[in-house]
Amino acid sequence: MKSVAALAQTPRAYHTEIRAVGQEHVPCALAILREVSQWLAHRGLPGWTECDLQKADLPSQCAAGNLILGFTHGKPAACMLLQSSDSLYWPRAARGSALYLHKLAVSRAHAGCGWGPRMISWAKIDTRRRGIRRLRLDTWVDSPLVELYEAHGFRRLDSVPHLESGSLLYRMECRLQARW
């Protein structure tokens, strides 16, 4: 699988890598997602249910090259899905008009180490590399990630939160320059 170059702000001594991964990494990604889900639940914040994680179908996401992991010293630290379409939250979007960031999660052992911003930056770089100018996502209204996403150039597209499966969500988009 291809890896986008390490970000400039990452110290060399930190030994980080972000890349699309294969089936062998599905258990690692699920472990990170479940750990974050439990952490969110203990804090009374919205998170993924086990049903949500099953619907994500990580093996098929791997086959499509959509499962992205961040590694520190060769060990998984963060994960996300970067998909070419999202028919649930963006049903009217033209194919190829955007990439869709989903299930961004950082293992608690690596929380506070810059993995959220690093993964978002990687997604932006990969989106541009593919010649696409929009990166989109959806996130829970009460999520602390709303501020993180806004700090990284995403803006809310809905004046009223989107209701999906009983959860209030913001649909957000970051418009990217053709070249950086």
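Contact annotation: residue pairs with Cβ atoms under 8 Å, 6 or more positions apart or on different chains, pairing a residue in the stretch 135-151 that is closer than 12 Å to residue 173 by Cα and in contact (Cβ under 8 Å) with a residue 40 or more places away in the chain with a partner that is surrounded by 15 or more Cβ atoms within 10 Å (Cβ to Cβ) and of a type in the set (Asp, Glu), are 135/173; 136/86; 136/173; 138/86. I'd like to check something: does the stretch 117-125 contain any residue that is touching a residue at least 40 places away in the same chain (Cβ under 8 Å), open to solvent by less than 20 Å² (accessible area, probe 1.4 Å) and not in a helix (DSSP H, G or I)? No, there is no match, as no residue in the stretch 117-125 is touching a residue at least 40 places away in the same chain (Cβ under 8 Å), open to solvent by less than 20 Å² (accessible area, probe 1.4 Å) and not in a helix (DSSP H, G or I). Just one of the numbered conditions (1) among the β-branched types (Val, Ile, Thr); (2) in contact with a Leu (Cβ under 7 Å, 6 or more places away or on another chain); (3) more than 16 Å from residue 48 (Cα to Cα); (4) open to solvent by 20 Å² or more (accessible area, probe 1.4 Å) is not true of residue 141: (3). Note on the stretch 158-167: residues that are in a strand (DSSP E or B) and surrounded by 14 or more Cβ atoms within 10 Å (Cβ to Cβ) total 2.
When residue 131 is tested against the conditions (1) open to solvent by less than 30 Å² (accessible area, probe 1.4 Å); (2) of a type outside the set (Val, Ile, Thr); (3) within 17 Å of residue 82 (Cβ to Cβ); (4) part of a loop (DSSP other than H, G, I, E, B), the lone failure is (1). Where residues in the stretch 90-109 are crowded, with 18+ Cβ neighbours inside 10 Å and over 11 Å from the mean Cα position of the chain (by Cα), which of them is nearest to residue 56 (Cα to Cα)? Among residues in the stretch 90-109 that are crowded, with 18+ Cβ neighbours inside 10 Å and over 11 Å from the mean Cα position of the chain (by Cα), the one nearest to residue 56 (Cα to Cα) is 90. The single condition among (1) out of contact with any strand residue (DSSP E or B) (no Cβ under 7 Å at 6 or more places or on another chain); (2) open to solvent by 60 Å² or more (accessible area, probe 1.4 Å); (3) closer than 22 Å to residue 89 by Cα that residue 155 does not meet is (1). Each residue in the stretch 128-168 was checked for being farther than 20 Å from residue 117 by Cα and at pLDDT below 90, and 11 of them qualify. For the stretch 81-116, taking the residues that are among the small types (Gly, Ala, Ser) and part of a helix (DSSP H, G or I), the one that is farthest from residue 170 (Cα to Cα) is identified as 109.
The values are calculated or read from the model by the stated rules, or taken from the named source; none is laboratory data. Every value quoted in this text rests on a predicted model; they were computed, and no experiment measured them. Counting neighbours? That spans all protein chains shown, and the Cβs are built from the backbone with ideal geometry, glycine included. Note: accessible area is taken over every heavy atom of the protein model, side chains too, but ligands, DNA and RNA are not part of it. Shrake-Rupley method; radii C 1.70, N 1.55, O 1.52, S 1.80 Å.
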